[in-house]
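The values are calculated or read from the model by the stated rules, or taken from the named source; none is laboratory data. Fair warning: this is a prediction, and the values are worked out from it, not measured in the lab. Note: ideal-geometry Cβ built from the backbone for every residue, glycine included; neighbour counts use all protein chains shown.
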Amino acid sequence: MDSLSVDHLIGIKDLTNNDIDLIFKTADAFKEVINRPIKKVPSLRDITIANLFFENSTRTRLSFELAEKRLSSDVVNFSAASSSVKKGETLIDTVNNILSMKVDMVVMRHPNPGAAKFLSERVDARVINAGDGTHEHPTQALLDAYSIRERLGTVKGKKVVIVGDILHSRVALSNIYCLQKLGAEVMVCGPTTLIPKYIHELGVKVEHNLVKALEWCDVANMLRIQLERQDIKYFPSLREYSMQYGLTKEILDNLDKKIVVMHPGPINRGVEITSDVADSEQAIILQQVENGVAVRMAVIYLLASKIKRQ
Ligand code: CP
């Protein structure tokens, strides 16, 4: 059986093109499974997975839990807000206590960049990064690229613009790595203050005018403004941001081609995207969420196949 070149999924940067192809082919098979009346396979009956969320999440947490249950693994959920972390317990002590209950794999979201890698180097379990601060969100990028492939047939040669708060976005960084590995051209668009200074080192185009960016692209991935990560004001007001960078139906309809609209969620309707765009047939936002389960099943299944079973 083909296997991944990595033992943990920390970032897209670590994956080879063969890894991504293997994840997509495996996800194709699992997508077929989750559309059956019985949406479950017995593959991971002997595996226990802990979902550790030190930061809020709706889609990623539920998607991982569903993916794990569809693979028949045992699942334990941990939320920092209601845990002994509040009493001062460290990350390593928390995780080692959970692992002593015979856990094989850890899915972790954490506010600190590098937290997943730190953990993977210190514990005897497979680690999947479910978002580490402003660093990477690898499964989001995989499900985004998978959704582009599904809608447009391929990612290779497509032009993708990522719009909004690039500076604070782990989704942007993971998407840039993933799309480039798959042969797409990538542009970022947003106010100068929300574009990182090192952006040119990543080999992406930069455009500050939303309409010009949309005229260039096949796919627009609209990002949320991450107010929770902004310690200073990067633009005068959300209203002003929305007037310059919000995607409206009028802008979409005035383009001379039908682009695909994506959003990783959670959406701030009326800020980065209006409701009529989010709910339009050009938007694949809910397909992204659906594909998230199949892609995460694939990642979990492939990493679990590297665990030595007794
Ligand atoms: N896309 C994403 O990571 O959403 P959540 O924060 O709800 O998990």
Item checked: Candidate set: the range 136-156, residues that are more than 12 Å from the ligand (Cβ to nearest atom) and touching a strand residue (DSSP E or B) at 6+ places or on another chain (Cβ under 8 Å); chosen: the one farthest from G265 (Cα to Cα) -> L152
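Okay, residues lined up against (1) over 13 Å from E55 (Cα atoms); (2) out of contact with any strand residue (DSSP E or B) (no Cβ under 6 Å at 6 or more places or on another chain):
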residue	(1), (2)
A80	no, yes
S84	yes, yes
T90	yes, yes
H110	no, no
I128	yes, no
Note to self: Being closer than 16 Å to M297 by Cα and more than 16 Å from the ligand (Cβ to nearest atom) narrows it down to one residue among V6, V85, V33; which is it?
What the structure shows: V33
Next item on the list: Among the residues of the range 157-193, write down those that are within 16 Å of the ligand (Cβ to nearest atom), in contact with a Gly (Cβ under 8 Å, 6 or more places away or on another chain) and not hydrophobic (A, V, I, L, M, F, W, C).
Entry: G164, D165, R170, S174
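To keep it simple, each residue is scored yes or no on (1) out of contact with any Pro (no Cβ under 8 Å at 6 or more places or on another chain); (2) more than 30 Å from K69 (Cβ to Cβ).
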{"residue": "R239", "(1), (2)": "yes, yes"}
{"residue": "S242", "(1), (2)": "yes, yes"}
{"residue": "Y245", "(1), (2)": "no, yes"}
{"residue": "N254", "(1), (2)": "yes, yes"}
{"residue": "K257", "(1), (2)": "yes, yes"}
{"residue": "I267", "(1), (2)": "yes, no"}
{"residue": "D279", "(1), (2)": "yes, no"}
{"residue": "V295", "(1), (2)": "yes, no"}
Next item on the list: Taking only the range 258-286 into account, find how many residues are modelled with pLDDT under 95 and within 13 Å of the ligand (Cβ to nearest atom).
Entry: 4
Note to self: If I ask for residues that are aliphatic (A, V, I, L, M) and either touching a strand residue (DSSP E or B) at 6+ places or on another chain (Cβ under 6 Å) or modelled with pLDDT of 95 or more (or both), which ones from the range 157-171 would you list?
What the structure shows: V160, V161, I162, V163, I166, V171
